[in-house]
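A short write-up of the structure that comes next.
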Amino acid sequence: MSESAVWHPFTQHGLQHAIPEVIGAEGAVLHTRSGAKVIDAISSWWVTTHGHAHPKIAAAIAEQAHKLDQIIFAGWTHEPAERLAAGLRARMPASLTRVFFSDSGSTSVEVALKMALGYWLHRGEDRHRIAVMDHGYHGDTIGTMSVGARGAFNRAYEPLLFDVTSIPFPAAGHEQATFDALERVCREGAAAFIVEPLVLGAGGMLFYRADTLAEMHRICQRYDTLFIADEVMTGWGRTGALLACEQADIAPDILCLSKGITGGAIPLAVTMASEPIFAAHYSTDRAQMFFHSSSYTANPIACAAANANLAIWDEEPVIERIAALGERQERYLRRTAAHPLVRNPRRLGTIAAFEVGDAEGYLSDLAPQMLAMFRERNVLLRPLGNTVYVMPPYCITDDELGAVYDAVSEVLDCIAG
Ligand SMILES: *Cc1c(COP(=O)(O)O)cnc(C)c1O
């Protein structure tokens, strides 16, 4: 047992030996206590977009911390939150007129589900079933686990998870089964359908087509089932556009954003809602208000970081940078795909992924083995089971990305023996 009192997330302390200590980071590089420079090829778990310690975001945080650090947000407001809400409204689909703040992707999803249920209650309709997609992931709280895939991660909590209807993942060529299942649950009066647009992240970097996303949206609209887009991972450029929904030309009824909203510097999340959802809670009756808050709702320092992120999107060629990173990823992925162990190489925007060998589950021994081999090579990659994915910050240099794929090739050769 280690001396440290820290209990780490998604870590089996009985197997984990030395846990590296990071003392600084800039761009795509982490500096460890032992003097190593490690390339962060997963954007510190999908959050870092423009790179670590971006000077504009760091300055905005410092400046705001001296001005106004925290204020109750029930019945009070402040400039950073107002500016951010206006900025989001201007950038996100026009029908998303309302911005509700929280602090993590999981809470933004909890808020989305509660908004959807409140909407139907206040309209006097008994609709409360939630439709979800197989292999989906929406967070680790009881509510978000309920709408996510069930497995070893949530076996202990399963008796308390609420019942949902899951539709099949729209694997290429099998989309009709997904549409049929979605149509069935919508026809039976589902309150809402929650989905990760274009990419199921934690489910194994599973990609599906934009026209499939558009058709699922059409089906929901036909039956007034609210469409909740969980863009916690896919938002802020990951799939090549600001939002994955943009690529299908759809506007969800509810949109969840977090991770890259502050450039990945500090926790913040928003749930954006269309006007009818806000209107259903609008009344002179206090019993009809939206009953949700957390202590740090719309924390001014976090909002200032998010405003700096929006400024970076305005002032720097972010979309061009993302497109160029996508092309570089494609070139390296093609080279890697020639390895006999690589299965199903695929890329969407800045995300490249493939499987190693034949299908194994999340808990297969391959993942920790590969993680350790990447760590020895000073590359932070954290495979999901036998799925290896590369999702770097947009600022990663050619040399750094080349070093990541060199490590990938070496690790594949080691596994092949
Ligand atoms: C990461 C993630 C979440 C949960 O976000 P947290 O900030 O970790 O709570 C929810 N949905 C998706 C799609 C995610 O990738």
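The values are calculated or read from the model by the stated rules, or taken from the named source; none is laboratory data. Nothing here was measured: the structure is a model prediction, and the numbers come from that model. Don't worry about glycine lacking a Cβ; one is built from the backbone with ideal geometry, like all the others, and counts go over all protein chains shown. Calculation scope for accessible area: heavy atoms of the full protein, side chains included, ligands and nucleic acids excluded. Shrake-Rupley method; radii C 1.70, N 1.55, O 1.52, S 1.80 Å.
A few remarks follow.
- Unique match (being of a type in the set (D, E, K, R) and within 22 Å of residue 197 (Cα to Cα)) among 346, 375, 335, 331: 346
- Being open to solvent by less than 30 Å² (accessible area, probe 1.4 Å) and either farther than 25 Å from residue 51 by Cα or in a loop (DSSP other than H, G, I, E, B) (or both) holds for only one residue in 302, 280, and it is 280.
- Among residues that are in the same structural domain as residue 406 (by the TED database), modelled with pLDDT of 95 or more and within 22 Å of the chain's Cα centre (by Cα), residue 325 is included.
- For residue 50: the one exception among (1) open to solvent by less than 20 Å² (accessible area, probe 1.4 Å); (2) out of contact with any Leu (no Cβ under 9 Å at 6 or more places or on another chain); (3) closer than 18 Å to residue 377 by Cβ: (3)
- The C-beta contact set for region 30-56 (first residue under 20 Å from residue 402 (Cβ atoms) and modelled with pLDDT under 95, second residue away from the ligand (no atom under 16 Å from the Cβ) and among the aliphatic types (A, V, I, L, M), distance under 9 angstrom, 6+ apart or interchain) is empty.
- Conditions (1) at negative phi; (2) within 21 Å of the chain's Cα centre (by Cα); (3) surrounded by 15 or more Cβ atoms within 10 Å (Cβ to Cβ); (4) not assigned by the TED database to the domain that holds residue 203: number failed by residue 31: (2)
- Criterion: open to solvent by 50 Å² or more (accessible area, probe 1.4 Å), of a type outside the set (Lys, Arg) and closer than 20 Å to residue 39 by Cα - qualifying residue of 400, 410, 320: 410
- Residue match in region 45-65 (condition: outside the structural domain of residue 261 (by the TED database), polar (S, T, N, Q) and within 14 Å of residue 264 (Cα to Cα)): yes
- Region 85-100, residues that are within 16 Å of the ligand (Cβ to nearest atom) and either in a helix (DSSP H, G or I) or open to solvent by less than 10 Å² (accessible area, probe 1.4 Å) (or both): none
- Odd one out for residue 76 among (1) touching a residue at least 24 places away in the same chain (Cβ under 8 Å); (2) open to solvent by 40 Å² or more (accessible area, probe 1.4 Å); (3) under 25 Å from residue 99 (Cβ atoms): (1)
- Scope region 14-29; condition touching a residue at least 40 places away in the same chain (Cβ under 8 Å) and either touching a strand residue (DSSP E or B) at 6+ places or on another chain (Cβ under 9 Å) or closer than 23 Å to residue 239 by Cα (or both); matching residues: 20, 27, 28, 29
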